[in-house]
Structure formats: C-alpha cells, structure tokens
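Scroll down for the structure; my scribbles are underneath it.
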Amino acid sequence: MDKTTQNVRQMYEQFPYPSGTPANRVGSDAELALSYIAEKRSSNKPLQVLDAGCGRGLGILGAATLQPDVQFHGIDLNRVALEDATASAKQRRLKNITFQECDLMTLEGLNVPDGGFDIIHSSGVLHHLSDPQSGLIRLRDTLADHGVINIMVYALYGRQPLLDVATAISLLFGDETPLAQRIPAARATALLARDHALCATPFENTFEVNDVEFVDRVLNVNETTYDIPMMWDLLEAAGLRFIRWIEPSDWAIDQLLPAGELLQRVSALPQKDQFRFIELLCHRPGFEMIIAKAGAQPSSLPLAEELENCRFRLHPEVVIGTEMRHSPAGLRTEALTFKLRLREPVPVPNGPFATLIMYLKDKPGILKGKALLRQLNKAGVSDADSKAVLLELCRQEVIFSVQ
Ligand SMILES: C[S@@+](CC[C@H](N)C(=O)[O-])C[C@H]1O[C@@H](n2cnc3c(N)ncnc32)[C@H](O)[C@@H]1O
C-alpha cells in the first residue's frame, strides 16, 4: 500500500466516515441507474452492485434494505468502518450484502461477478485516492459493458472557500501534530470563516459539525478537487463518458437562464463548455453524475408507438403529496403535488396528468404501459393525448422505463 493510501486509511480509521444511520440515498436505485443508458443487459440474474469506498456502509445498507433482489458488495480499506458496516448488516438481517477490505488502488482480492458489476457507486472516494485516474481505470475494468457508475467527486469552485479554510488551518500546525490535537484551533478558525469565507456557502456550519465530518472537510490528509475540464479529461483517460447529472436541473441552462440572447449563446456551446459556464457562475460543491463506458449511449424517451409495450416503475425518488378534505360526499383531494429528489414540490392541476399520478401513487412495482394508457382512456382521454401524458410523466421523471 502506498504512503498516501496508508495515511488516508489511518485518518479514516480514526474518524470513520460517515457518522449517522443507514439511509437510502439519491441515485441508489439499481434499475433506475441502468435505465439511464441505452445498452441492455442480456441476463436475468440478480443485479450486482459494487459500492467502492463504502465507509460505514450507510448508503449501501439503505439501498440493500430497499432492494432485497439486488446483490450489494461494499469495499473499503477502513477496517473499523467495515466492522461497523458488517455489524449493521447482521443487525438488519440483510442477506444481499457483503463487505470486504480492499484497496481501490489495486482492487486486489476483489471478486468480480461474471461479466462485471452492473452498477458501481462511488461517492466521495475517488478524490482521496493517491492516483484517482488509475483507481478509476481499475473500476472501469470491473464494470459490465451495459453497466453504469454513479460517482460523486469534489468540485473545485464550490469547495474553494472550504479549501481556503483548510489551507489557513494547515498554517497552524507542523506535519507531526496529530489530527485530534488540531481540532480545537481548527474549529475556532472555521468559526471565524462562518461569517466570512464560508458565509452563504453549504459549509457555513463547518465549525460545529461532528469530528468525523469536520476532519473529512478541513483536516483531510489527501484530496483532489476537479473542475469540468479536469473531470472530462479524467473520464476520457479512463475510457468512460458522461451520461447525466444525478440532478440535471442544477446544470440545465434552459432552467437557469431566461430566454434571450445569453441562453442562445450558451446553448450554442459544446455540452462540456455549457457545464463549465455553469460551474464558473453557480459554484456547485460536487459533481454527482452517472458515467459509463466510452461507447455507451444515454437512453432516450420511448417512442409513442412503443409505450404500450414498455414496462414502467414509479421513480423511487418521487414523493407524491395529497391534501385531503372531508366533505358531505366523502373524502376529496384538495391538492396534489409531486416532488422529485431534493427539489421543491410541483403542484399538479386537475387533468389527465393528475389522474395518472393519483393512480400511480399506490402502485409499487412494475406498471405496464398498456395498463397506464387504459386508465387514461377510462377517464375519457383520447389515445393520442394519453400517450402524450405518459411521455410527459417520463420526461418529468415521475416514472421511468425499466429495461
Ligand atoms: C468520505 S468517505 C465516503 C464514504 C461513503 N462512500 C459515503 O459516502 O458515506 C471516503 C471513503 O473512501 C475510503 N477510501 C479512501 N481511499 C481508499 C482506497 N484507496 N481504497 C478503498 N477505500 C478508500 C475511505 O476509507 C472512506 O471510507
């Protein structure tokens, strides 16, 4: 194990990340992740998901609890965190999860399923590797051809204020000062920064977060931060390509800019430069994205004539909200909203879109396109309009088409 990796291990074993309890995380649904690319898998075997750098397993434990038919493998070099993750899996009686000590710089000893992993998650890990590019290439080599990687790495502009605080703290200590001894003065530094460098950033609260989070943010022994050109170079060098952002609206120029000359000019830029434009102005703290092998293609919406034969699922990150009121005639729906991921709820006016959302809200599992169209037909909606509504539900990510 190289020296940097040893230091990273020592830091995370002393401060095992993350604190908190297992939770389902945005982007952790396996079928949803696979639906983002056009490549289809040929087998019906259980999906195999690798969490590369799973830490205490909070993300993977939440995902495994909600997806009992999917097989999850968590790897990390932090033995303390892995022990904790294994105990949590046992306590939850999870049969679809395994944990293994493994260095992402070598992947030595990793059992790769036949044909590779269908999905690889790696959140907040790659930027701590001694050589992120070779780590990413190794991960790519374990990915199935139809597979996707859900990755989060630090973004330079959004994190610059935090990097400045970390640099200020580093002035205070020699290399030999143990991490734990740095914490009090480092917190006082972060308190000063709260009203200055960190003011109005997502990191304002740094002075008061718990020790694990604090060390991860401003006392980390090894991290790289990426801007868009660096990130795109990294993907290209690893034989991978960008497929989509986990939250596309953070990067959608037509949602961020009013119609007019500026939007026209930005739209004319290549995709990478559009994202660069947004990163320079909007300072996103991380790049959370779906990537795939260089030859893979993003999926597109089904064609109208295909809808009947498609199979859909309600998007697992959609929350449907209803306000009900009693009336002499019984319970009536006063207001309907849907909320996707961490966005604000969207009101849904009466009409076919609302009809379908009300139908969907109690339907877990697979929904046949034919059945959904029939619901709308029963409500008096024409064939053409029913298909348009179904496509709009896909476009707005209320439902997704299962492979
Ligand atoms: C910030 S934590 C993220 C943990 C987890 N992915 C999450 O989001 O909760 C970074 C993790 O990467 C792991 N890590 C860093 N370098 C690694 C390496 N070379 N091999 C395996 N794991 C590594 C650390 O031990 C730590 O658990």
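Quick notes on this structure:
- Taking the accessible area of the chain, probe 1.4 Å, and keeping the other protein chains in place, the carbon and sulfur fraction comes to 51%.
- With only the Cα atoms considered, the chain has a convex hull volume of 180 Å³ per residue.
- Only one residue of G20, G55, V70 has its Cα farthest out toward the positive end of the dipole of region 1-80, where Lys and Arg carry +1 and Asp and Glu -1 on Cβ, and that residue is G55.
- Long-range amide H partners of C102 with built H, under 5 Å: D76, L77
- Per residue Cα convex hull volume in Å³ - calculated over region 1-69: 131 Å³
- Between L301 and D250, the simple spin-label model (points 7 angstrom out along Cα→Cβ) gives 2.5 nm.
- Length gained when the stretch L191-D131 is fully extended (0.36 nm per residue, less Cα-Cα span): 18.3 nm
- Solvent-accessible area per residue in region 113-240 equals 41 Å², computed with a 1.4 angstrom probe and all protein chains kept.
- Charge dipole (Cα centre; +1 on Lys/Arg Cβ, -1 on Asp/Glu Cβ; no other charges) of the chain amounts to roughly 1320 debye.
- Degrees between helix 132-141 axis and first principal axis of the chain (Cα, 0 to 90, nearest 10): 50 degrees
- Calculated FRET efficiency, V221 to A200, Cβ-Cβ distance, R0 = 30 Å: about 0.60 to the nearest 0.05.
- For the pair L281 and K3, the difference between a 0.36 nm per residue extended length and the Cα-Cα distance amounts to 96.4 nm.
- Stretchable slack from L263 to V402, in nm (0.36 nm times residue separation minus alpha-carbon distance): 46.7 nm
- Once all protein chains are placed together, T4 keeps about 50 Å² accessible to a 1.4 angstrom probe.
- Surface accessible to a 1.4 Å probe, per residue, for the residues of region 304-401, Å²: 58 Å²
- Residue among D175, D250, D385 with the largest mean-square fluctuation in a Gaussian network model of the chain, springs linking Cα atoms under 10 Å: D175
- For region 304-401, the Rg and Dmax computed from alpha carbons only, in angstrom: 13.5, 43
- Inter-centroid distance (Cα atoms) of region 131-150 relative to region 324-388, Å: 39 Å
- Dipole of the chain, positive direction: furthest Cα of L32, M230, P285, with charges on the beta-carbon: L32
- Helix 228-237 and the longest principal axis of the C-alpha atoms of the chain enclose an angle of approximately 90°.
- Selected from R343, R56, R241 as most flexible by GNM, with the chain as the system and alpha-carbon contacts under 10 Å: R343
The values are calculated or read from the model by the stated rules, or taken from the named source; none is laboratory data. None of the values given here were measured: they were computed from a predicted structure. Because the Cβ atoms are built from the backbone with ideal geometry, glycine has one as well, and the counts that use them run over all protein chains shown. For the accessible areas, the whole protein counts, side chains as well, though only heavy atoms, and no ligand, DNA or RNA atoms are used. Shrake-Rupley method; radii C 1.70, N 1.55, O 1.52, S 1.80 Å.
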